[in-house]
1. Taking each pair of different alpha-carbon atoms in the chain once, compute 1/r for the pair, average those values, and report the inverse of that mean as the Kirkwood hydrodynamic radius in Å to one decimal.
2. Please list 209-221, 54-66, 134-146 highest first by mean number of surrounding beta-carbon atoms within 10 Å per residue.
3. With Cβ to Cβ distances under 10 Å as the rule, what net charge do the other residues near Val80 carry (K, R +1; D, E -1)?
4. May I ask for the net charge around Gly170, where only other residues with Cβ less than 12 Å from the Cβ of Gly170 are counted and Lys, Arg are +1 while Asp, Glu are -1?
5. What is the magnitude of the charge dipole of the chain about its Cα centre, with +1 placed on the Cβ of each Lys and Arg, -1 on the Cβ of each Asp and Glu, and no other charges, expressed in debye to the nearest 20?
6. Running a GNM on the chain with Cα contacts under 10 Å, which residue among Glu246, Glu156, Glu128 ends up with the highest mean-square fluctuation?
7. From the phi of every residue in the stretch 288-293, what ³J(HN,Hα) in whole Hz does the Karplus formula 6.51 cos²θ - 1.76 cosθ + 1.60 yield, where θ is phi - 60° and glycine or proline is x?
8. For the chain, what relative contact order do you get, as a whole percent, if you take Cα pairs closer than 8 Å and at least 6 residues apart?
Amino acid sequence: MPASFIPVDQLCGRPHVVVDGAPRPGTSYTLSHWPGTPTPPLLRADLSAETALRALEQPGLLPSPLGAVTVDHYDADGIVALAMLVLPGLAETAGARLVEVARVGDFGVVTDEGAALVAFALDALGVETDPARRALELLPGLLAEPEAFERLWGAEHAAYAASLQMMDSGAATLEELPEHDLAVVRVRQRNASARWGDQPLHLAAVNSATGCLRVATISEPHGSMDGGRLRSYEVCFRYESWVRLESTCPRPRVDLAGLARTLTSIEPDGAPWSFEGAGALRATLRSNPTSGSAIGEERFMEELLGALAALDKGPAAWDPYA
């Protein structure tokens, strides 16, 4: 009997396998890259989808019959891992591409254009009432002919393509500072077509261009204040540094709350900077989103690099391997 997807709120304690999340009452097996989860060491991988694929490739490892499988949130990595377990034959025929779909969805790294279309389509399904079941229904067709689903992936792909074009043309540039594991993205021209979510560039265009897991984004000015040019600044720790990676051991995250206070004190009008905490999925330091910042780029970089150099000598604020 094939495995069945059971939503977490319908498990009622029954035995199940959980993918891309943490165990709960009734969990008999965990296939997840989340930190602290009891995934067997020989199965661990950068992505939960890859972990699920490894489990399926080792006969007799998973409970038989598999029974119930669940995931406690909706994203491409979780859905792909779920689909491998509950859709017979899918892992065997499309396992490698499914892992790349998950890589786009979780990490914003594109290695396969078709996988990117599938990931963007899955993201679009997230607004539906029962997105997991709808995604399981559509996924085989999406994998077979992603071009046929432009109604789902079209808007996001357009932003991704516009972002790539900006980077190719020099309207946005990327500089790597490997000694700090830092990529500095400078967006010199605003382009509404390239925006996705709250970002001036689609994250997949940026993350696919660098292996650095810290990204500072400096965006074109908002306007003027006392003759100065107001920019938007953001420094984020990519999601890869929150999960338990197996291919590499990322530099641990550090606490940028002190830097946020320093930058606030430098602002001429005291416009507040914020840092949401090193344990956030995509921990981000940012200038005031409404007013921007009057701090010059050179001063910002001086403060940022000084803070990273000092903090990296101390204890980690978030370490998924601890």
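Each value in this text was obtained by applying a stated rule to the coordinates, not by laboratory testing. Model, not experiment: these values are computed from the prediction. Positions of Cβ are generated from backbone atoms using ideal geometry, with glycine treated the same way; all protein chains shown enter the neighbour counts.
1. Hydrodynamic radius (Kirkwood, Cα pairs) of the chain is 21.0 Å.
2. Sorting 209-221, 54-66, 134-146 by mean packing, highest first, produces 209-221, 134-146, 54-66.
3. That works out to -4.
4. Charge balance near Gly170 sits at +1.
5. Rounded to the nearest 20 debye, it is 460 debye.
6. Glu128
7. 4, x, 8, 9, x, 10
8. 13 percent
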